[in-house]
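S.K.: Encoded as structure tokens, here's the structure I'll be asking about.
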Amino acid sequence: MNMPVNSGPRLDRLPLSRFHWKILGLIAGGALIDAFDIYLAGGVLAAMNKEGFSSLAQNAAFLSATFFGMFVGAALAGLIGDRFGRRASYQGNLLMFGAASIAAVFSPNVETLIGLRFLMGVGLGAELVIAAGTLGEFVPPGHRGRWAALLSLIIAAGLPLASWTGYFVIPAFGWRYMFGIAGVAALFIWALRKSMPESPRWLESMGRNDEARATLSAIEAEVSAQHGALPPVEGVKTLTVKAAPLRELFSARILPRLLVAVIIVVTINVTVYGFIVWLPTFFVQQGMTVTKSLGYTTAMTFGAIAGSMLAVFVADRITRVKALVVSSLAIMVLGGTFAMMTSPEAIITVGFLLVSATYFLVSIGQFGFVPELFPTQFRLRGAGFASMLGRGAAIGTPLMTLILFKNYGLAGVLALVIALLGLLITAVCRLKVETSRSSLEDI
């Protein structure tokens with residue numbers, strides 16, 4: 001059959017439907033559980049340290065093991081996802097994560113827990129790479145920014161969900177139960193995802209045209225059953241089937257985009273894992289009880305929901321570059337202000353706004369802009385490589401955070417974050433690539 005598959009235009013002209021919501025639910029469900037597990041670290045580490053199960057240095061090793069696992073997982077997700085398919089990658093990583101989380105409940109010592117945390121990290125690193133790249137391949141361009149922000153909103157819910165769950169579960173039952181909750185939920189989502197279709201764009205890019213046509217026909221039938229006759233397909237955009245070796249990521253065509261993607265992901269990793277995850281420990285070290293520190297953090301981290309919700313409303317109304325620059329400037333200003341706050345009301349208020357701006361940046365940058373920068377045959381490897389280097393930089397973040405906090409206080413930690421945000425602004429402005437409301441094939 002010589003007729004082109006034309007998967008891009010056929011998917012892009014579909015009206016939003018129950019099919020798209022189902023895809024969002026299946027992708028975001030696993031990503032939410034992964035985010036819950038990432039963010040449970042704050043409360044768990046504070047409780048482990050308080051009861052003598054771990055020292056501050058061992059807590060830093062726990063976080064470093066997480067980031068090293070995410071480093072490996074991001075690399076594997078890109079390689080497996082672009083070579084063997086999106087389904088093979090996202091199902092394998094979630095199964096590994098779920099099994100390791102359940103095993104962590106029974107850890108006899110902190111060393112065993114750190115080893116299991118590495119395995120969890122492999123799954124965590126893979127999941128967040130696959131989620132945004134796969135969702136964007138199904139959603140029409142006029143809604144892609146909003147839906148990337150919706151994905152980010154659901155993932156961001158993992159932060160207050162983990163904090164709020166920890167607030168009740170850790171004091172009453174202990175920190176081990178947090179891993180059990182994450183593991184059981186992950187295996188449940190893994191079972192549901194067996195019904196999720198492969199990306200037609202990826203199938204076409206691999207030359208598997210019959211499978212791409214069959215998958216597209218099934219999607220179109222499901223959407224037309226809800227909406228009636230579908231809009232006509234505008235134009236033909238064939239995904240060229242050719243060898244796509246990893247070295248092409250470093251070609252003159254793609255390398256500038258790869259460098260910008262790396263800067264965005266590194267900045268986000270350091271901001272979230274070098275500051276927000278450490279908030280309960282910072283407060284405990286300043287003399288608060290574990291319960292009070294978790295209460296402060298929980299109140300502030302609802303900003304993750306607020307920032308992501310703002311991104312949902314504006315993502316397709318302003319350009320990606322403008323959104324990245326404005327949110328970065330806001331974090332810089334709020335971060336400098338936060339370091340000077342002393343009263344509980346001011347700490348919670350400014351902290352809430354700071355977390356909101358941070359997760360607006362996450363929504364637009366990591367889940368929207370980064371996967372859009374790469375063509376289909378390189379999408380997961382490009383995003384995965386950027387995420388891998390971001391996680392690699394984050395491996396040293398816990399130790400760096402500890403050193404900066406001990407020597408310079410919270411202001412020292414925030415100074416590092418502000419410097420990286422300045423680099424991000426410079427990079428996206430110099431790249432001069434805008435992706436909003438454009439077909440993935442045109443970008």
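S.K.: Computing the accessible area with a 1.4 Å probe over protein heavy atoms, can you report the carbon and sulfur percentage for the range 1-71?
M.R.: On the way: 1420 of 2280 Å².
On the range 1-71, the fraction of accessible area on carbon and sulfur atoms equals 62 percent.
S.K.: Placing +1 on the Cβ of each Lys and Arg and -1 on the Cβ of each Asp and Glu in the range 118-267, which of 229, 192, 177 has its Cα farthest towards the positive end of the resulting dipole?
M.R.: 177
S.K.: To continue, here is another question. By how many degrees, between 0 and 90 and to the nearest 10, does the Cα long axis of helix 397-408 differ from the longest principal axis of the chain?
M.R.: Here the helix axis deviates by roughly 40 degrees.
S.K.: 222 nm [θ] for the chain, helices only, -39500 (n - 2.57) per DSSP H run of 4+, per residue, to 500?
M.R.: Working: 19 runs with 324 residues, N = 443.
Result for the chain, helices only: -24500 deg cm²/dmol.
S.K.: Can I ask one more? Using a 1.4 Å probe, what is the accessible area per residue for the chain, in Å²?
M.R.: Heavy-atom SASA per residue in the chain reads 37 Å².
S.K.: So how far apart, in nm, are the two label points at residue 246 and residue 317 if each is 7 Å from Cα heading toward Cβ?
M.R.: 4.3 nm
S.K.: Mind checking the dipole of the chain: about its Cα centre, +1 per Lys or Arg Cβ, -1 per Asp or Glu Cβ, Debye to the nearest 20? Let's see the in-between values first.
M.R.: On the way: 33 positive and 22 negative charges, 87 e Å.
Roughly 420 debye for the chain.
S.K.: Please give the net charge around residue 68, taking every other residue with its beta carbon less than 11 angstrom from that of residue 68, where Lys and Arg add +1 and Asp and Glu add -1. Mind showing how you got there, number by number?
M.R.: Numbers: positive: 117, 391; negative: none.
That works out to +2.
S.K.: What residues from the range 183-207 fall in the zone where the backbone N is under 12 Å from a label point 7 Å along the Cα-to-C-beta line of residue 22?
M.R.: Of the residues in the range 183-207, 193-198 have backbone N under 12 Å from the label point off residue 22.
S.K.: Count charges around residue 57 for me, please; just the other residues with Cβ under 14 Å from its Cβ, Lys/Arg as +1, Asp/Glu as -1.
M.R.: Numbers: positive: 406; negative: 111.
Cβ neighbours under 14 Å give a net charge of 0.
S.K.: In the range 73-177, what percent of the accessible surface is made up of carbon and sulfur (1.4 Å probe, ligands and nucleic acids excluded)? Intermediate values should be presented prior to the final figure.
M.R.: Working: 2470 of 3360 Å².
After summing per-atom areas, the C and S share lands at 73 percent.
S.K.: Against the longest alpha carbon principal axis of the chain, how many degrees, from 0 to 90 and to the nearest 10, is the axis of helix 290-301 turned?
M.R.: 40 degrees
S.K.: Rank by packing, highest mean first: peptides 314-320, 52-58, 4-10, with packing defined as the count of other Cβ atoms within 10 Å averaged across residues. Intermediate results must be reported in sequence, preceding the final value.
M.R.: Working: 314-320: 18.1, 52-58: 14.7, 4-10: 21.0.
By packing density, highest mean first, the sequence is 4-10, 314-320, 52-58.
S.K.: Pop out the carbon and sulfur fraction of the accessible area of the range 324-401 as a percent, whole number, probe 1.4 Å. Walk me through the intermediate numbers first.
M.R.: Numbers: 1810 of 2270 Å².
Answer for the range 324-401 is 80 percent, counting heavy atoms of protein chains only.
S.K.: Oh, and also: Using the per-residue mean of other Cβ atoms lying within 10 Å as a proxy for protection, in what order, highest first, do the peptides 410-418, 377-385, 248-256 fall?
M.R.: Working: 410-418: 18.2, 377-385: 27.2, 248-256: 13.1.
Ranking the peptides 410-418, 377-385, 248-256 by packing returns 377-385, 410-418, 248-256.
S.K.: Now for a separate question. Given the C-alpha centroids of the range 199-259 and the range 350-380, what is the distance between them in whole angstrom?
M.R.: For the range 199-259 versus the range 350-380, the Cα centre distance is 22 Å.
S.K.: Need the full-extension length gain, residue 431 to residue 172, defined as separation in residues times 0.36 nm minus the C-alpha distance. One decimal, nm. Kindly include the intermediate steps, with their values, before the conclusion.
M.R.: On the way: separation 259, 0.36 × 259 = 93.24 nm, distance 5.10 nm.
Gain on extension, residue 431 to residue 172, equals 88.1 nm.
S.K.: Between residue 112 and residue 415, how many nm apart are label points set 7 Å from Cα along the C-beta direction?
M.R.: The answer from the label model is 4.3 nm.
S.K.: Still on this structure: May I ask for the net charge around residue 169, where only other residues with Cβ less than 14 Å from the Cβ of residue 169 are counted and Lys, Arg are +1 while Asp, Glu are -1?
M.R.: Details: positive: 176; negative: 37.
Taking every other residue near residue 169 into account, the sum is 0.
S.K.: Can I ask one more? Between residue 236 and residue 214, what is the spin-label point distance in nm, taking each point 7 Å from the Cα along the Cα→C-beta axis?
M.R.: About 2.4 nm separates the two model spin labels.
S.K.: Here's another thing I want to ask about it. Once the mean 1/r over all distinct Cα pairs of the chain is inverted, what Kirkwood radius in angstroms do you read off? Could the numbers behind the result be given before it?
M.R.: Details: mean 1/r = 0.0457 Å⁻¹.
After inverting the pairwise mean of 1/r, the radius is 21.9 Å.
S.K.: Whole angstrom only: what separates the Cα centroid of the range 61-116 from the Cα centroid of the range 171-188?
M.R.: Answer, in whole Å: 16.
S.K.: Please give the helix 255-271 orientation as an angle from the longest Cα principal axis of the chain, in degrees from 0 to 90, rounded to the nearest 10.
M.R.: In the chain, helix 255-271 runs at an angle near 30 degrees to the longest axis.
S.K.: Still on this structure: Pull out the extension gain between residue 13 and residue 164, defined as 0.36 nm times the separation in residues minus the alpha carbon to alpha carbon distance; nm, one decimal. Display every interim value, and only then the final one.
M.R.: On the way: separation 151, 0.36 × 151 = 54.36 nm, distance 4.07 nm.
Between residue 13 and residue 164, full extension yields an extra 50.3 nm.
S.K.: How high is the FRET efficiency between residue 3 and residue 225 when r is their beta carbon distance and R₀ equals 25 Å, given to the nearest 0.05?
M.R.: Numbers: r = 24 Å, r/R0 = 0.96.
E(calc), rounded to 0.05, equals 0.55.
S.K.: Name the residue, out of 392, 73, 303, whose mean-square fluctuation peaks in a Gaussian network model built on the chain with Cα pairs under 10 Å.
M.R.: Highest fluctuation among the options: 392.
The values are calculated or read from the model by the stated rules, or taken from the named source; none is laboratory data. Note that the structure is predicted; figures quoted are calculated from it, not measured. Glycine gets a Cβ as well: all are built from the backbone with ideal geometry, and neighbour counts include every protein chain shown. Just so you know, the surface numbers come from the protein's heavy atoms only, side chains and all, with ligands and any DNA or RNA stripped out. Shrake-Rupley method; radii C 1.70, N 1.55, O 1.52, S 1.80 Å.
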